[in-house]
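These notes are about the structure you will find just below.
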Amino acid sequence: MAAWKKWWAFWAFLIQALVAGGGILLWYFQDQAWAQVALGWLATEPGQITMVVIAAYLVILALVTIGIAVFRPTTIKKMTIVHDGPYQMRVDQTAVEKNLCLALADYDLYNTDVKVKMHRNSQQADVTVGGMLSQRSNPQLLQRNIQRTVAQNLKQQFDIELRKLKVNLKPYSHKQSVAIV
């Protein structure tokens, strides 16, 4: 999970925890003078508006959390590609990544890096291809060829459909090293 998502979740649920903690403290110490002042203010019109805003915030936070939990695509490390009664054949994510790296070896790319996210509920995968262009490669033709090669390789080798392809190619720089495989 990205760091900014963690911070947003932290602040959203911290506010919820503080509101709940304040409600518990008001209920437990309702005989204290400070609690009487706070409860008296909550009985006024601005206090009622504040409670409605806080309640709306908590309802929206709950609905967003439920929506994220339900509609978030589930990815897996091993996908079942053949299912025949009690027998099933699974393919590992790293095996798919290495197979795609070998399929892309025909192109003039250096330091090819392939990341695959396989979706559990469908036989689909999201693929991210990264690497450095050589001086001889044509970037306009390369993306279409890479997309065709990745889609064909996934379909022929593993019976997985390509859902989304992201290609991140950088120009070759003499300051960077090239890994020889």
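The values are calculated or read from the model by the stated rules, or taken from the named source; none is laboratory data. All of these numbers come straight from a predicted model, not from anything done at the bench. Glycine also receives a Cβ, built like all others from the backbone with ideal geometry; neighbour counts cover every protein chain displayed. For accessibility, only protein heavy atoms count, side chains too; no ligands or nucleic acids. Shrake-Rupley method; radii C 1.70, N 1.55, O 1.52, S 1.80 Å.
Scanning the range 45-100 for residues that are loosely packed, with under 11 Cβ neighbours inside 10 Å and among the aromatic types (Phe, Trp, Tyr) yields Phe71, Tyr87.
Scanning the range 115-145 for residues that are open to solvent by less than 90 Å² (accessible area, probe 1.4 Å) and over 25 Å from Pro73 (Cα atoms) turns up Gly131, Met132, Leu133, Ser134, Ser137, Asn138, Pro139, Leu141, Leu142, Asn145.
Restricted to the range 60-109, and to residues there that are among the acidic types (Asp, Glu) and not in a helix (DSSP H, G or I), the residue that is nearest to Arg136 (Cα to Cα) is Asp108.
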